[in-house]
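This report refers to the structure that appears directly beneath it.
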Amino acid sequence: MNNRPPRADGNRQPYENSPTAAAKPRGGFAISWPMFWLILFRITRSIAGGMMIVAMPYLVLNTLHDSSLTLGILYVAGVMSTAMLSLAAGHLCDRWSQKGTLLITGLMVPAGAMMVWANHSFPVLLAAAVVAGFAATGSLIGGGVGGVIQPVQSAIIARITTPENRTHHYSILPFFSGIAGAAGAMLVPIFSINESFLAAALISLAGLIPVLQMRIPKPGVSPENATVTHRESRKAIMHFSITGALNGLSQGLLTPFLIPFFVTVYRMPKSNMAVYTAIGSALGAVALLTAPALEKRLGFVQSVTFTRALGTILLLVMALWHNLPVGLLIYILTPALRIAALPAQQTAMINRVEGNSMGRALAANQVTRLSATSGAMLCTGYLFDMSAIEAPFMLYALVMGVNIYLYYRFFGRHGHMPAPRGQPVEATADVDDRSRSVDTENPNSPE
């Protein structure tokens, strides 16, 4: 039976030059050569990222005996530079070369890590944060250390996949990344803090070799995006940008300061914290593999809202009840709950924008998310310095509540994509009247 998405003209055969048609493996899900090289690149980068995410707080707080506010300033610099450079990278990969853009942005993490290894003065650390994008926000799947590559790698995956296997690919890449990040965190106790940055630079530099082997298909007309109008695409980008901004605001309030939370409240030693960070990263990576099943069973909206609501409740427990075993358990579970549904969210966004705007759409989402993150980081750094450690957790819960409401407001209960134009849209009993009316107005209602 032919299950290919229909073309705009109603023909169920693939477009002649459709990259997704060419990339779809026979016999089901498989990893293509471009995806294989991309995974190797991401593994080396994530090992380096895992090392730096653990090493940076200890460098600032313990080695340099500086404050949480200083750490927050460095994170803000990294996030803001990542936001601006992501926008440039998104335009560059759409208008020039995805492989070339990946190579250029891939050089930034090793360059920043080498700067930290060479000099620990604040101006150099600030410059390194700008170059490498140091931040512990969403490091498994985007943002995080060197997150400027996120729009580029997501656009590459969109080009080499079909809607049927795209969520699988968006799950596989961060799965390997999470395992590699856990391994990187485990390597930190082997080295001194300074040596950790040198090792991270060399490992991430080696990751550029697989990029040189990549052969990315030339762009063609993609059937799943053929019916998306420019107006619908812009509306989708706007909705995803709003929810992305709130997601970034919540990330900035807590994610970079979870390790400092344990350092400040429990005086957690570096070797122990590295182990717990590694376990949390590994569990988060495994959780990503559940994304296709979550998407199929709940739809992307309920997948996102359920996992994030549960994570918010647990973080409030960690803030209000200072019990070390309970706190560590919640810390380990937090990455999994934050990112389990993100592959489904990425697929939903890609399917709602024009094919020639994927890189820019992904970049716009990242810019709004990281811009909101930067202000939140300064707020939390200040509150930590004022010993108001519980306050960021309360703000996090408030922001996440608004974000969950907007997911339902923008996308309905399930967030299913409607049928292409010219084909009947089957209304389901469990979709509310509001979402049906929105879908009638806009057949491609976005996140």
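The values are calculated or read from the model by the stated rules, or taken from the named source; none is laboratory data. Just so it is clear, the structure is predicted and the values come from calculations on it, not from any experiment. Here the Cβ positions follow ideal geometry from the backbone for every residue, glycine too, while neighbour counts run over all protein chains shown.
Scanning the stretch 387-404 turns up no residue that is among the aromatic types (F, W, Y), farther than 25 Å from A287 by Cα and touching a residue at least 12 places away in the same chain (Cβ under 8 Å). Which ones in the stretch 350-359 are surrounded by fewer than 24 Cβ atoms within 10 Å (Cβ to Cβ) and either assigned to a helix (DSSP H, G or I) or under 18 Å from the mean Cα position of the chain (by Cα) (or both)? Once the filter is applied, which keeps residues that are surrounded by fewer than 24 Cβ atoms within 10 Å (Cβ to Cβ) and either assigned to a helix (DSSP H, G or I) or under 18 Å from the mean Cα position of the chain (by Cα) (or both), the stretch 350-359 yields N351, G355, N356, S357.
M114 passes every criterion in (1) free of Cβ contacts under 8 Å to residues at least 24 places away in the same chain; (2) more than 20 Å from the chain's Cα centre (by Cα) apart from (1). Does T290 count as over 30 Å from D66 (Cβ atoms) and either surrounded by fewer than 22 Cβ atoms within 10 Å (Cβ to Cβ) or touching a residue at least 60 places away in the same chain (Cβ under 8 Å) (or both)? Yes: the conditions hold for T290.
Is it fair to say F175 is out of contact with any Pro (no Cβ under 7 Å at 6 or more places or on another chain), of a type in the set (F, W, Y) and within 19 Å of A293 (Cα to Cα)? Answer is yes for this residue. Filter the stretch 369-390 for residues that are farther than 24 Å from M84 by Cβ, surrounded by 17 or more Cβ atoms within 10 Å (Cβ to Cβ) and not β-branched (V, I, T) and give the result. If the condition is that a residue be farther than 24 Å from M84 by Cβ, surrounded by 17 or more Cβ atoms within 10 Å (Cβ to Cβ) and not β-branched (V, I, T), then L383, F384 are the ones that fit.
Contact annotation: residue pairs with Cβ atoms under 8 Å, 6 or more positions apart or on different chains, pairing a residue in the stretch 337-351 that is over 14 Å from F175 (Cα atoms) with a partner that is outside any helix (DSSP H, G or I) and of a type in the set (D, E), are Q345/E447; A348/E447; M349/E447.
So, of the residues in the stretch 86-116 that are of a type in the set (S, T, Y) and under 22 Å from G49 (Cα atoms), which turns out to be modelled with the lowest pLDDT? Even if it seems obvious, please write down each step before you answer.
Step one: list which residues in the stretch 86-116 are of a type in the set (S, T, Y), which gives 86, 97, 101, 105.
Now narrow it down to the ones that are under 22 Å from G49 (Cα atoms): 86, 101, 105.
Details: S86: 80, T101: 89, T105: 87.
This residue is S86.
Selection within the stretch 53-82: residues that are polar (S, T, N, Q) and in a helix (DSSP H, G or I). The member of this set that is nearest to the chain's Cα centre (by Cα) is T82.
Take the residues in the stretch 98-113 that are touching a helix residue (DSSP H, G or I) at 6+ places or on another chain (Cβ under 6 Å) and surrounded by fewer than 19 Cβ atoms within 10 Å (Cβ to Cβ); name whichever of them is farthest from P151 (Cα to Cα).
Out of the qualifying residues, it is A111.
Scanning the stretch 86-114 for residues that are within 19 Å of M56 (Cβ to Cβ) and not β-branched (V, I, T) returns M108, P110, A111, G112, A113, M114.
Within the stretch 352-394, which residues are under 25 Å from A88 (Cα atoms) and aliphatic (A, V, I, L, M)?
So the first thing to find is which residues in the stretch 352-394 are under 25 Å from A88 (Cα atoms), and the list is 352-378.
Answer for the stretch 352-394, where residues must be under 25 Å from A88 (Cα atoms) and aliphatic (A, V, I, L, M): V353, M358, A361, L362, A363, A364, V367, L370, A372, A376, M377, L378.
Taking the criterion of being surrounded by fewer than 22 Cβ atoms within 10 Å (Cβ to Cβ), touching a His at 6+ places or on another chain (Cβ under 9 Å) and of a type outside the set (V, I, T), would at least one residue in the stretch 225-237 satisfy it? No, the stretch 225-237 contains no residue that is surrounded by fewer than 22 Cβ atoms within 10 Å (Cβ to Cβ), touching a His at 6+ places or on another chain (Cβ under 9 Å) and of a type outside the set (V, I, T). Do you know which residues across the stretch 238-280 are closer than 20 Å to F384 by Cβ, surrounded by fewer than 24 Cβ atoms within 10 Å (Cβ to Cβ) and among the β-branched types (V, I, T)? Correct list: V263, T264, V265. Here G412 meets each of (1) of a type in the set (G, A, S); (2) surrounded by 18 or more Cβ atoms within 10 Å (Cβ to Cβ); (3) modelled with pLDDT under 75; (4) on the phi > 0 side of the Ramachandran plot with one exception, condition (3).
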